[in-house]
Amino acid sequence: MARADRLIQLTQALRRHRRPVTAAMLAEETGVSERTIYRDIISLQVSGVPVRGEAGIGYVLESGFDLPPLMFTPEECEALMLGLRFVRDRSDAGLQRVIDDTRAKIEAILPPALKESFNTAPLFAPVYRPREVSRIDESLLRRALREWRKIRIRYRDGKEEETIRVVWPVALGYFETTRGLSAWCELRQGFRHFRTDRIEELTSLDEKIPRRRTLLMRDWEEALEAEHDATGYHNRPVSQPV
């Protein structure tokens, strides 16, 4: 690998970590020796890249630094197309239009050789079972998530019992045939998971969620970890409702 490409790869690796990362970890990620990492860190610092830290402790890239726009690699094109296909096959019509627009924008900036890699990417994640149909406009739910607003839902559970709840939406998960909303439920005073196809009505409220997003997400992740430890299921960023 050319030295310039190696320095870009190292910078990208540093950008993936919010906390200090050791030379050993960087060497494993980039496929070079620790000695090379130390030399390349010095080169980055000399060239003005704001890398802080020292050997034996770790390195971190200061916030606010960014690389100039770079063209995608063929593998990155394939990964992008896989992600677009994965979500499109599991989303509602509104999000499908957004994905189609995104695909068109990406395709417009690609040179001919990469455009072919993008459009003919051999990576797929198909859905073979019928997808459950939501009764609500899920774009309203995504908007409430973006604007950090409470919502009121009329929910029908698996026993066909209905409740009216005010919840604080935290995350929306896309599974093979369903979508799942993770939220803090004011009625139950805890985090709950709701299938969107069982939400009979949804109203976005004017009231903002009274907790900072980072703090509520942290509490939600801790609740997920506790749930996963109890059930034996791990590595699920969003629990699938049943």
Handout entry: Within the chain, longest stretch free of exposed chymotrypsin sites (Phe, Trp or Tyr not before Pro) [DSSP loop, at most 14 other beta carbons within 10 Å]
Key = 129-232
Completion exercise
Which of 87, 166, 49 fluctuates most in a GNM of the chain (C-alpha springs under 10 Å)? That residue is 49
Exercise for the section: Please give the FRET efficiency for residue 43 paired with residue 116, using the beta carbon to beta carbon distance and R0 = 25 Å, rounded to the nearest 0.05. Expected result: 0.10
Exercise for the section: Taking all protein chains together and a probe of 1.4 Å, list 218, 212 from the most accessible to the least accessible. Expected result: 212, 218
Problem - Carbon + sulfur, % of accessible area of the chain - ligands and nucleic acids excluded, 1.4 Å - result: 52
Handout entry: 1.4 Å probe accessible area per residue over the chain, in Å²
Key = 61
Exercise for the section: Assign unit charges at the C-beta atoms only (+1 for Lys and Arg, -1 for Asp and Glu), then state the dipole size of the chain relative to its Cα centre in Debye, rounded to the nearest 20. Expected result: 460
Practice task
Any aspartates and glutamates with Cα under 13 Å of the residue 115 Cα? List them, leaving off those in the same chain fewer than 8 positions away.
Solution key: 75, 76, 78, 107
Handout entry: Neighbour-limited loop hits for trypsin sites (Lys or Arg not before Pro), the range 102-158 (at most 16 other Cβ within 10 Å; DSSP other than H, G, I, E, B)
Key = 131, 135
Handout entry: Eligible lysines near residue 150 by straight Cα distance, threshold 30 Å, same-chain separation 8 or greater
Key = 159, 208
Practice task
Let me know the Rg and Dmax you get for the chain when you use only its Cα atoms, in Å.
Solution key: 22.2, 65
Exercise for the section: Select from the range 1-89 those GluC sites (Glu not before Pro) which occupy a DSSP coil region and have at most 15 other Cβ atoms within 10 Å, ordered by residue number. Expected result: 62
Handout entry: Computed [θ] at 222 nm, helices only, for the chain once each DSSP H run of length n ≥ 4 contributes -39500 (n - 2.57)
Key = -13500 deg cm²/dmol
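The values are calculated or read from the model by the stated rules, or taken from the named source; none is laboratory data. This is a predicted model, so every value here is computed, not measured. Positions of Cβ are backbone-derived with ideal geometry, glycine not excepted, and every protein chain shown enters the neighbour counts. For the accessible areas, the whole protein counts, side chains as well, though only heavy atoms, and no ligand, DNA or RNA atoms are used. Shrake-Rupley method; radii C 1.70, N 1.55, O 1.52, S 1.80 Å.
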